[in-house]
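Comments concern the structure below.
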Amino acid sequence: MMRRSFLLCLALAIACGNIRAQDPAKDSAKLTVIRAGSLIDGTSNTARANQLIFVRGKKIEKVTNAGETIPADAQVIDLSKATVMPGLIDSHTHIFLWGEDPDKGGYDANILRAGIALRAARATYACKRALEQGFTTIRDLETEGAGYGDVEIKEAIEEGTIPGPRIFASTRGISTTGGYNLEGYAPELVMPKGVQIVDGPVEARKAAREQLEHGADWIKVYMTHRSWVDKKGELVSQPTLTVEELKAIVDEAHGWGKKVACHAYSGIGLQRALDGGCDSLEHGLLLTDANIAQMLKQGTWYCPTIAPYYGDWAPENTPAGKRDRKRASEHEISVEKAAKAGVKTVFGTDIGGIPWTAPMAQEFECMTRHGFTPMGAIQSATSRAAEMLEMQGEIGVIAPGAYADVVAVSGDPMKDINELKKVKFVMHDGAVFKNEISVK
Ligand SMILES: [Zn+2]
(Lines give C-alpha, C1' and ligand atoms only; values in the text may rest on other atoms or scores of the structure.)
Protein backbone atom coordinates (compact mmCIF):
# COMPACT_ATOMS: atom_id res chain seq x y z
CA MET A 1 0.00 0.00 0.00
CA MET A 2 2.68 2.42 1.00
CA ARG A 3 4.79 1.53 -2.01
CA ARG A 4 1.90 2.20 -4.38
CA SER A 5 1.01 5.60 -2.97
CA PHE A 6 4.69 6.50 -2.92
CA LEU A 7 5.00 5.71 -6.65
CA LEU A 8 1.94 7.79 -7.47
CA CYS A 9 3.26 10.73 -5.48
CA LEU A 10 6.63 10.38 -7.12
CA ALA A 11 5.01 10.41 -10.56
CA LEU A 12 3.11 13.59 -9.65
CA ALA A 13 6.23 15.21 -8.26
CA ILE A 14 8.04 14.55 -11.49
CA ALA A 15 5.17 15.56 -13.79
CA CYS A 16 4.97 18.97 -12.10
CA GLY A 17 8.68 19.76 -12.34
CA ASN A 18 10.69 20.68 -15.38
CA ILE A 19 13.14 17.83 -15.07
CA ARG A 20 15.20 16.83 -18.05
CA ALA A 21 15.61 13.08 -18.27
CA GLN A 22 19.02 11.72 -19.16
CA ASP A 23 19.52 10.86 -22.80
CA PRO A 24 20.24 7.17 -22.70
CA ALA A 25 23.01 6.19 -25.10
CA LYS A 26 20.58 5.15 -27.83
CA ASP A 27 22.89 3.89 -30.51
CA SER A 28 25.36 1.49 -28.96
CA ALA A 29 27.50 1.53 -32.11
CA LYS A 30 28.01 5.32 -32.05
CA LEU A 31 31.57 6.32 -31.20
CA THR A 32 32.47 9.33 -29.07
CA VAL A 33 36.08 10.34 -28.53
CA ILE A 34 37.09 12.53 -25.60
CA ARG A 35 40.34 14.49 -25.89
CA ALA A 36 41.79 14.70 -22.38
CA GLY A 37 44.48 17.34 -21.76
CA SER A 38 45.40 15.59 -18.54
CA LEU A 39 44.00 12.24 -17.43
CA ILE A 40 43.75 11.05 -13.84
CA ASP A 41 42.56 7.49 -14.47
CA GLY A 42 41.55 6.55 -10.90
CA THR A 43 44.22 3.90 -10.29
CA SER A 44 47.57 5.34 -11.50
CA ASN A 45 49.48 7.54 -9.09
CA THR A 46 50.27 10.18 -11.70
CA ALA A 47 48.26 11.93 -14.39
CA ARG A 48 48.96 11.29 -18.11
CA ALA A 49 49.01 14.14 -20.64
CA ASN A 50 47.11 14.22 -23.96
CA GLN A 51 45.02 11.07 -23.96
CA LEU A 52 42.07 9.96 -26.06
CA ILE A 53 39.14 8.11 -24.50
CA PHE A 54 37.04 6.12 -26.97
CA VAL A 55 33.46 5.66 -25.76
CA ARG A 56 30.97 3.37 -27.45
CA GLY A 57 27.47 3.06 -25.97
CA LYS A 58 27.74 2.96 -22.19
CA LYS A 59 31.33 1.73 -22.04
CA ILE A 60 34.88 2.87 -22.58
CA GLU A 61 36.33 0.98 -25.55
CA LYS A 62 39.96 2.07 -25.31
CA VAL A 63 42.29 4.76 -23.97
CA THR A 64 45.18 5.87 -26.20
CA ASN A 65 47.78 8.56 -26.76
CA ALA A 66 46.69 11.64 -28.74
CA GLY A 67 48.32 10.31 -31.94
CA GLU A 68 45.69 7.58 -32.47
CA THR A 69 43.49 8.01 -35.56
CA ILE A 70 39.98 9.22 -34.82
CA PRO A 71 37.37 7.81 -37.26
CA ALA A 72 35.69 10.55 -39.33
CA ASP A 73 32.20 9.73 -38.10
CA ALA A 74 33.12 9.87 -34.41
CA GLN A 75 31.78 12.66 -32.24
CA VAL A 76 34.70 14.49 -30.62
CA ILE A 77 34.47 16.12 -27.20
CA ASP A 78 37.37 18.48 -26.70
CA LEU A 79 38.59 18.51 -23.10
CA SER A 80 42.19 19.12 -24.16
CA LYS A 81 42.52 22.05 -21.77
CA ALA A 82 40.98 20.19 -18.84
CA THR A 83 41.79 17.51 -16.28
CA VAL A 84 39.66 14.43 -16.96
CA MET A 85 38.83 11.86 -14.28
CA PRO A 86 36.50 8.93 -13.62
CA GLY A 87 33.03 9.80 -12.33
CA LEU A 88 33.25 10.29 -8.56
CA ILE A 89 31.77 7.93 -5.97
CA ASP A 90 30.29 9.15 -2.68
CA SER A 91 30.05 6.16 -0.33
CA HIS A 92 27.90 7.87 2.29
CA THR A 93 24.85 9.89 1.23
CA HIS A 94 21.21 10.35 2.29
CA ILE A 95 19.07 11.44 -0.67
CA PHE A 96 16.00 11.51 1.62
CA LEU A 97 17.50 13.88 4.20
CA TRP A 98 17.12 17.64 3.86
CA GLY A 99 19.63 18.86 6.43
CA GLU A 100 19.42 18.91 10.22
CA ASP A 101 19.62 22.66 10.86
CA PRO A 102 18.21 23.26 14.37
CA ASP A 103 16.67 26.54 13.18
CA LYS A 104 14.65 24.60 10.61
CA GLY A 105 13.39 21.99 13.06
CA GLY A 106 16.49 19.77 13.00
CA TYR A 107 16.34 16.12 12.02
CA ASP A 108 12.75 15.70 13.22
CA ALA A 109 11.34 18.12 10.64
CA ASN A 110 12.44 15.73 7.90
CA ILE A 111 9.90 13.21 9.14
CA LEU A 112 7.27 15.33 10.89
CA ARG A 113 6.86 18.13 8.37
CA ALA A 114 7.38 16.45 5.02
CA GLY A 115 5.03 13.95 3.40
CA ILE A 116 6.30 11.26 1.11
CA ALA A 117 5.69 13.26 -2.10
CA LEU A 118 7.76 16.19 -0.84
CA ARG A 119 10.46 13.81 0.29
CA ALA A 120 10.48 12.11 -3.12
CA ALA A 121 10.75 15.49 -4.84
CA ARG A 122 13.67 16.44 -2.59
CA ALA A 123 15.37 13.09 -3.24
CA THR A 124 14.94 13.75 -6.98
CA TYR A 125 16.67 17.10 -6.53
CA ALA A 126 19.43 15.45 -4.47
CA CYS A 127 20.15 12.94 -7.25
CA LYS A 128 20.43 15.72 -9.83
CA ARG A 129 22.73 17.66 -7.47
CA ALA A 130 25.00 14.65 -7.03
CA LEU A 131 25.27 14.10 -10.77
CA GLU A 132 25.94 17.75 -11.66
CA GLN A 133 28.78 17.78 -9.12
CA GLY A 134 30.38 14.80 -10.86
CA PHE A 135 29.20 12.03 -8.54
CA THR A 136 28.09 9.30 -10.94
CA THR A 137 27.73 6.66 -8.21
CA ILE A 138 26.47 6.93 -4.64
CA ARG A 139 26.03 4.46 -1.80
CA ASP A 140 22.94 5.87 -0.12
CA LEU A 141 23.00 4.86 3.53
CA GLU A 142 19.33 4.67 4.48
CA THR A 143 16.18 6.68 3.85
CA GLU A 144 15.52 8.10 7.35
CA GLY A 145 11.90 7.05 7.58
CA ALA A 146 11.16 7.12 3.85
CA GLY A 147 10.85 3.32 3.64
CA TYR A 148 12.03 1.75 0.41
CA GLY A 149 11.99 5.07 -1.46
CA ASP A 150 15.66 4.79 -2.41
CA VAL A 151 15.00 1.58 -4.35
CA GLU A 152 12.23 3.34 -6.28
CA ILE A 153 14.28 6.49 -6.96
CA LYS A 154 16.97 4.16 -8.27
CA GLU A 155 14.36 2.53 -10.51
CA ALA A 156 13.27 5.96 -11.81
CA ILE A 157 16.89 6.78 -12.67
CA GLU A 158 17.52 3.44 -14.36
CA GLU A 159 14.39 3.75 -16.51
CA GLY A 160 15.49 7.28 -17.56
CA THR A 161 12.62 9.12 -15.86
CA ILE A 162 14.87 11.35 -13.78
CA PRO A 163 18.60 12.16 -13.96
CA GLY A 164 20.80 10.77 -11.24
CA PRO A 165 23.80 8.67 -10.33
CA ARG A 166 24.09 4.89 -10.09
CA ILE A 167 22.67 4.09 -6.65
CA PHE A 168 23.58 1.42 -4.13
CA ALA A 169 20.52 1.50 -1.89
CA SER A 170 20.37 0.40 1.73
CA THR A 171 16.67 1.07 2.38
CA ARG A 172 15.50 1.55 5.98
CA GLY A 173 18.55 1.16 8.25
CA ILE A 174 18.50 -0.84 11.50
CA SER A 175 18.92 0.13 15.16
CA THR A 176 17.52 -0.90 18.56
CA THR A 177 14.93 0.43 20.99
CA GLY A 178 16.40 3.66 22.39
CA GLY A 179 18.80 3.73 19.48
CA TYR A 180 17.34 6.23 17.02
CA ASN A 181 15.25 9.36 16.42
CA LEU A 182 12.48 10.45 16.75
CA GLU A 183 12.84 10.68 20.50
CA GLY A 184 12.25 13.09 23.34
CA TYR A 185 8.47 13.19 22.91
CA ALA A 186 5.82 12.26 25.49
CA PRO A 187 6.18 8.54 26.29
CA GLU A 188 2.47 8.00 25.54
CA LEU A 189 3.07 8.90 21.90
CA VAL A 190 4.16 6.29 19.41
CA MET A 191 6.57 8.26 17.25
CA PRO A 192 7.82 7.19 13.82
CA LYS A 193 11.50 6.22 13.70
CA GLY A 194 14.13 7.03 11.12
CA VAL A 195 15.13 3.34 11.01
CA GLN A 196 13.69 -0.15 11.49
CA ILE A 197 13.94 -0.96 15.23
CA VAL A 198 14.96 -4.48 16.27
CA ASP A 199 15.65 -6.18 19.58
CA GLY A 200 17.25 -9.61 19.64
CA PRO A 201 19.01 -11.64 16.94
CA VAL A 202 15.72 -13.05 15.57
CA GLU A 203 14.24 -9.61 14.89
CA ALA A 204 17.60 -8.41 13.57
CA ARG A 205 17.80 -11.22 11.02
CA LYS A 206 14.15 -10.74 10.06
CA ALA A 207 14.69 -7.02 9.40
CA ALA A 208 17.70 -7.81 7.22
CA ARG A 209 15.63 -10.37 5.29
CA GLU A 210 12.79 -7.87 4.75
CA GLN A 211 15.16 -5.18 3.55
CA LEU A 212 17.03 -7.55 1.24
CA GLU A 213 13.72 -8.85 -0.11
CA HIS A 214 12.69 -5.30 -0.99
CA GLY A 215 15.86 -4.51 -2.88
CA ALA A 216 18.58 -3.42 -0.42
CA ASP A 217 22.02 -3.52 -2.05
CA TRP A 218 23.65 -2.90 1.35
CA ILE A 219 22.38 -3.12 4.92
CA LYS A 220 22.96 -0.08 7.14
CA VAL A 221 23.22 -0.64 10.89
CA TYR A 222 23.62 1.92 13.67
CA MET A 223 26.03 0.52 16.29
CA THR A 224 26.11 3.72 18.38
CA HIS A 225 23.53 6.44 18.97
CA ARG A 226 23.91 9.25 21.53
CA SER A 227 27.32 10.67 22.31
CA TRP A 228 28.69 12.95 25.02
CA VAL A 229 31.89 14.01 26.78
CA ASP A 230 32.38 12.30 30.16
CA LYS A 231 33.96 13.70 33.36
CA LYS A 232 37.44 12.75 32.17
CA GLY A 233 36.87 14.72 28.99
CA GLU A 234 36.60 11.63 26.78
CA LEU A 235 34.13 11.14 23.95
CA VAL A 236 31.65 8.41 24.88
CA SER A 237 28.93 6.91 22.69
CA GLN A 238 25.96 4.78 23.60
CA PRO A 239 26.12 1.29 22.06
CA THR A 240 23.01 -0.14 20.38
CA LEU A 241 23.04 -3.63 18.83
CA THR A 242 24.81 -6.49 20.57
CA VAL A 243 27.45 -8.56 18.78
CA GLU A 244 24.90 -11.40 18.45
CA GLU A 245 22.33 -9.08 16.85
CA LEU A 246 24.89 -7.70 14.41
CA LYS A 247 26.24 -11.16 13.59
CA ALA A 248 22.73 -12.30 12.62
CA ILE A 249 22.45 -9.36 10.20
CA VAL A 250 25.94 -9.81 8.75
CA ASP A 251 25.40 -13.56 8.33
CA GLU A 252 22.09 -12.98 6.55
CA ALA A 253 23.44 -10.21 4.29
CA HIS A 254 26.55 -12.19 3.35
CA GLY A 255 24.36 -15.14 2.43
CA TRP A 256 22.62 -12.90 -0.12
CA GLY A 257 25.99 -11.74 -1.41
CA LYS A 258 25.49 -8.28 0.18
CA LYS A 259 27.46 -6.24 2.67
CA VAL A 260 26.84 -4.37 5.91
CA ALA A 261 27.74 -0.75 6.67
CA CYS A 262 28.01 0.11 10.37
CA HIS A 263 27.62 3.59 11.77
CA ALA A 264 29.87 3.72 14.87
CA TYR A 265 31.43 6.68 16.68
CA SER A 266 33.61 5.14 19.40
CA GLY A 267 34.01 2.72 22.29
CA ILE A 268 31.83 -0.32 23.01
CA GLY A 269 29.57 0.05 19.97
CA LEU A 270 32.50 0.50 17.61
CA GLN A 271 34.20 -2.58 19.10
CA ARG A 272 30.98 -4.58 18.62
CA ALA A 273 30.82 -3.40 15.00
CA LEU A 274 34.28 -4.84 14.37
CA ASP A 275 33.67 -8.02 16.41
CA GLY A 276 30.36 -8.56 14.61
CA GLY A 277 32.11 -8.45 11.24
CA CYS A 278 30.89 -5.20 9.69
CA ASP A 279 32.17 -4.64 6.14
CA SER A 280 32.46 -0.86 6.35
CA LEU A 281 32.79 1.37 9.37
CA GLU A 282 30.98 4.70 8.97
CA HIS A 283 32.35 7.86 10.67
CA GLY A 284 34.63 6.03 13.15
CA LEU A 285 35.21 9.25 15.06
CA LEU A 286 37.51 7.73 17.67
CA LEU A 287 39.66 4.86 16.44
CA THR A 288 42.11 3.35 18.93
CA ASP A 289 45.32 1.69 17.73
CA ALA A 290 43.71 -1.67 18.55
CA ASN A 291 40.64 -0.76 16.43
CA ILE A 292 42.93 0.13 13.52
CA ALA A 293 44.89 -3.13 13.88
CA GLN A 294 41.62 -5.10 13.85
CA MET A 295 40.37 -3.22 10.76
CA LEU A 296 43.60 -4.00 8.93
CA LYS A 297 43.40 -7.67 9.92
CA GLN A 298 39.74 -8.04 8.94
CA GLY A 299 39.97 -5.88 5.82
CA THR A 300 37.30 -3.50 7.11
CA TRP A 301 36.60 -0.45 4.97
CA TYR A 302 36.68 2.95 6.64
CA CYS A 303 34.34 5.73 5.52
CA PRO A 304 35.20 8.88 7.48
CA THR A 305 32.95 11.93 7.11
CA ILE A 306 34.90 14.94 8.35
CA ALA A 307 33.06 18.00 7.00
CA PRO A 308 29.61 17.42 8.59
CA TYR A 309 31.07 17.61 12.11
CA TYR A 310 31.94 21.27 11.55
CA GLY A 311 28.35 22.45 11.16
CA ASP A 312 25.63 23.32 13.66
CA TRP A 313 27.84 23.37 16.77
CA ALA A 314 25.97 24.03 20.03
CA PRO A 315 27.36 26.98 22.11
CA GLU A 316 30.79 26.47 23.66
CA ASN A 317 30.95 25.22 27.29
CA THR A 318 27.53 23.57 27.12
CA PRO A 319 27.45 19.75 27.24
CA ALA A 320 26.28 19.60 23.60
CA GLY A 321 28.83 22.21 22.57
CA LYS A 322 31.67 20.28 24.17
CA ARG A 323 30.49 17.10 22.48
CA ASP A 324 30.29 18.76 19.05
CA ARG A 325 33.85 20.12 19.30
CA LYS A 326 35.23 16.83 20.65
CA ARG A 327 33.62 14.84 17.83
CA ALA A 328 35.35 17.00 15.23
CA SER A 329 38.78 16.97 16.91
CA GLU A 330 38.81 13.20 17.61
CA HIS A 331 37.69 12.47 14.05
CA GLU A 332 40.62 14.38 12.57
CA ILE A 333 43.10 12.41 14.69
CA SER A 334 41.50 9.09 13.76
CA VAL A 335 41.52 9.87 10.03
CA GLU A 336 45.21 10.79 10.22
CA LYS A 337 46.04 7.58 12.10
CA ALA A 338 44.04 5.43 9.69
CA ALA A 339 45.69 7.08 6.67
CA LYS A 340 49.13 6.47 8.12
CA ALA A 341 48.34 2.82 8.92
CA GLY A 342 46.98 2.21 5.41
CA VAL A 343 43.39 1.37 6.38
CA LYS A 344 41.29 0.91 3.21
CA THR A 345 39.42 4.21 3.05
CA VAL A 346 36.53 5.48 0.94
CA PHE A 347 35.25 9.01 0.45
CA GLY A 348 31.95 9.89 2.17
CA THR A 349 30.13 13.16 2.71
CA ASP A 350 27.05 12.24 4.79
CA ILE A 351 25.32 14.78 2.55
CA GLY A 352 21.65 15.11 3.44
CA GLY A 353 22.73 15.32 7.08
CA ILE A 354 24.16 18.60 5.79
CA PRO A 355 22.04 20.39 3.16
CA TRP A 356 22.19 19.17 -0.44
CA THR A 357 23.11 22.72 -1.45
CA ALA A 358 26.56 22.27 0.17
CA PRO A 359 29.46 21.30 -2.13
CA MET A 360 30.01 17.55 -1.81
CA ALA A 361 33.67 18.00 -2.79
CA GLN A 362 34.39 19.94 0.41
CA GLU A 363 35.24 16.55 1.95
CA PHE A 364 38.26 16.25 -0.38
CA GLU A 365 39.81 19.32 1.23
CA CYS A 366 39.15 17.86 4.69
CA MET A 367 40.87 14.61 3.72
CA THR A 368 43.94 16.38 2.34
CA ARG A 369 44.20 18.39 5.57
CA HIS A 370 44.24 15.14 7.55
CA GLY A 371 46.70 12.69 6.10
CA PHE A 372 45.68 12.15 2.47
CA THR A 373 47.48 13.28 -0.66
CA PRO A 374 45.22 14.79 -3.33
CA MET A 375 45.63 11.60 -5.40
CA GLY A 376 44.87 9.41 -2.36
CA ALA A 377 41.69 11.39 -1.70
CA ILE A 378 40.65 11.12 -5.37
CA GLN A 379 41.28 7.35 -5.38
CA SER A 380 39.14 6.99 -2.23
CA ALA A 381 36.31 8.45 -4.35
CA THR A 382 37.10 6.37 -7.44
CA SER A 383 38.95 3.02 -7.61
CA ARG A 384 38.95 2.33 -3.85
CA ALA A 385 35.20 2.87 -3.58
CA ALA A 386 34.69 0.69 -6.68
CA GLU A 387 36.60 -2.07 -4.90
CA MET A 388 34.38 -1.79 -1.81
CA LEU A 389 31.29 -1.87 -4.04
CA GLU A 390 32.67 -4.91 -5.89
CA MET A 391 32.70 -3.01 -9.18
CA GLN A 392 36.45 -2.89 -9.60
CA GLY A 393 37.34 -2.11 -13.20
CA GLU A 394 33.72 -1.18 -14.00
CA ILE A 395 33.45 2.17 -12.23
CA GLY A 396 35.94 4.58 -10.63
CA VAL A 397 38.43 4.09 -13.45
CA ILE A 398 39.08 5.34 -16.98
CA ALA A 399 40.06 2.09 -18.69
CA PRO A 400 38.77 -0.25 -21.41
CA GLY A 401 35.61 -2.09 -20.36
CA ALA A 402 34.63 0.39 -17.65
CA TYR A 403 31.34 2.27 -17.74
CA ALA A 404 31.83 5.65 -19.41
CA ASP A 405 31.47 7.74 -16.26
CA VAL A 406 33.76 10.67 -17.00
CA VAL A 407 34.13 14.08 -15.36
CA ALA A 408 36.40 17.07 -15.97
CA VAL A 409 37.58 20.22 -14.23
CA SER A 410 39.41 23.15 -15.84
CA GLY A 411 42.32 23.31 -13.38
CA ASP A 412 44.65 20.81 -11.77
CA PRO A 413 43.24 19.16 -8.63
CA MET A 414 46.75 17.96 -7.69
CA LYS A 415 47.65 21.65 -7.16
CA ASP A 416 44.29 22.81 -5.81
CA ILE A 417 41.98 20.09 -4.51
CA ASN A 418 39.10 22.59 -4.46
CA GLU A 419 39.02 22.40 -8.26
CA LEU A 420 36.84 19.36 -7.57
CA LYS A 421 34.15 21.73 -6.33
CA LYS A 422 33.93 23.08 -9.89
CA VAL A 423 33.18 20.06 -12.05
CA LYS A 424 32.47 21.38 -15.56
CA PHE A 425 31.82 18.19 -17.51
CA VAL A 426 29.87 15.08 -16.57
CA MET A 427 29.26 11.97 -18.66
CA HIS A 428 27.32 9.12 -17.07
CA ASP A 429 26.97 5.72 -18.75
CA GLY A 430 28.17 7.28 -22.02
CA ALA A 431 25.59 10.10 -22.03
CA VAL A 432 26.72 13.71 -21.55
CA PHE A 433 24.82 15.25 -18.64
CA LYS A 434 26.72 18.51 -18.32
CA ASN A 435 29.29 20.25 -20.51
CA GLU A 436 30.52 23.73 -19.64
CA ILE A 437 33.91 23.25 -21.31
CA SER A 438 33.74 21.82 -24.79
CA VAL A 439 31.68 23.58 -27.48
CA LYS A 440 32.11 20.88 -30.13
ZN1 LIG B 1 24.85 9.13 7.53
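Please give the net charge around Leu420, taking every other residue with its beta carbon less than 10 angstrom from that of Leu420, where Lys and Arg add +1 and Asp and Glu add -1.
Working: positive: Lys421, Lys422; negative: Glu363, Glu365, Asp416, Glu419.
So the surrounding residues net to -2.
The angle between the Cα long axis of helix 2-16 and the longest principal axis of the Cα atoms of the chain comes to about 40 degrees, rounded to the nearest 10.
Give the angle, between 0 and 90 degrees and rounded to the nearest 10, that separates the Cα long axis of helix 319-341 from the longest principal axis of the Cα atoms of the chain. That works out to roughly 50 degrees. Peptides 416-425, 372-381, 136-145 ranked from most to least packed give 136-145, 372-381, 416-425, packing being the mean of other C-beta atoms within 10 angstrom over each peptide's residues.
With the highest mean first, a sort of the peptides 175-181, 190-196 on other beta-carbon atoms found within 10 angstrom per residue produces 175-181, 190-196. The calculated FRET efficiency for the pair Thr177 and Thr318, based on their C-beta separation and a Förster distance of 25 Å, comes to about 0.35.
Could you work out the percent of alpha carbon pairs in the chain separated by over 27 Å, rounded to a whole number?
Details: 49935 of 96580 pairs.
Within the chain, distances greater than 27 Å cover 52 percent of Cα pairs.
Please compare each pair in Lys297/Lys340; Lys128/Lys258; Lys220/Lys259; Lys206/Lys258 to a cut-off of 18 Å on the Cα-Cα distance and tell me which ones are over it. Before the final figure, lay out each step's value.
Working: Lys297/Lys340 15 Å; Lys128/Lys258 26 Å; Lys220/Lys259 9 Å; Lys206/Lys258 15 Å.
Distance filter (> 18 Å) returns Lys128/Lys258.
Taking the DSSP beta bridges with both ends in the chain, the antiparallel portion is around 45 percent.
Order the following by accessible area, largest value first: Met427, Met391. Probe radius 1.4 Å; ligands, DNA and RNA are ignored. Before the final figure, lay out each step's value.
Details: Met427 0, Met391 30 Å².
The ranking, largest first, comes out as Met391, Met427.
Once the mean 1/r over all distinct Cα pairs of the stretch 305-440 is inverted, what Kirkwood radius in angstroms do you read off? Please report the intermediate quantities before stating the final value.
Working: mean 1/r = 0.0602 Å⁻¹.
Computed over Cα pairs of the stretch 305-440, the Kirkwood hydrodynamic radius comes out at 16.6 Å.
Our summary gives the chain a relative contact order of 19 percent, counting only alpha carbon pairs under 8 angstrom and 6 or more residues apart.
Report the gain in length on full extension from Ala109 to Gln238: 0.36 nm times residue separation, minus Cα-Cα distance, nm rounded to one decimal.
Working: separation 129, 0.36 × 129 = 46.44 nm, distance 2.37 nm.
This chain segment gains 44.1 nm when fully extended.
Given axes a ≥ b ≥ c from the Cα gyration tensor, I'd like to know whether the stretch 287-377 is rounded (a/c under 1.5), prolate (a/b larger than b/c) or oblate.
oblate
Helix-only mean residue ellipticity at 222 nm, the chain, DSSP H runs n ≥ 4 weighted -39,500 (n - 2.57), per residue, nearest 500. What is it?
Values: 12 runs with 138 residues, N = 440.
Helix contribution divided over all residues of the chain: -9500 deg cm²/dmol.
Assuming 0.890 mPa s and 25 °C, estimate D for the stretch 95-168 with Stokes-Einstein, Rh taken as the Kirkwood radius over Cα pairs, in µm²/s. Can you show the working numbers first?
On the way: Rh = 12.5 Å.
For these conditions, the coefficient is 196 µm²/s.
Just so you know, the Rg over Rh for the stretch 40-108 is 1.23, from Cα atoms, with Rh as the Kirkwood radius.
Using the Cβ-Cβ distance between Asp230 and Arg48 with R0 set to 45 Å, the FRET efficiency works out to roughly 0.30. Note on the stretch 23-163: Kirkwood radius taken over Cα pairs, Stokes-Einstein applied at 10 °C and 1.306 mPa s, translational D equal to 90 µm² s⁻¹. Principal semi-axes of the equivalent ellipsoid, √(5λ) from the alpha carbon gyration tensor of the stretch 351-404, are 23, 15, 9 Å from largest down. To the nearest 10 degrees, how steep is helix 289-298 against the longest Cα principal axis of the chain, on a 0 to 90 scale? Tilt of helix 289-298: around 60 degrees.
Kindly rank 242-248, 123-129, 343-349 from highest to lowest mean number of other beta carbons found within 10 Å of each residue.
Working: 242-248: 19.9, 123-129: 23.1, 343-349: 25.6.
Averaged packing, sorted descending, gives the order 343-349, 123-129, 242-248.
Return the lysines within reach of Lys322: Cα separation strictly under 25 angstrom, same-chain partners fewer than 8 residues apart disregarded; answer none if there are no such residues. Those lysines meeting the cut-off are Lys104, Lys231, Lys232, Lys337.
The values are calculated or read from the model by the stated rules, or taken from the named source; none is laboratory data. Here the structure is a predicted model, which is why all the values come from computation and not from measurement. Here Cβ is always computed from backbone atoms with ideal geometry, including for glycine, and neighbour counts include all displayed protein chains. Note: areas computed on protein heavy atoms with side chains; ligands, DNA, RNA excluded. Shrake-Rupley method; radii C 1.70, N 1.55, O 1.52, S 1.80 Å.
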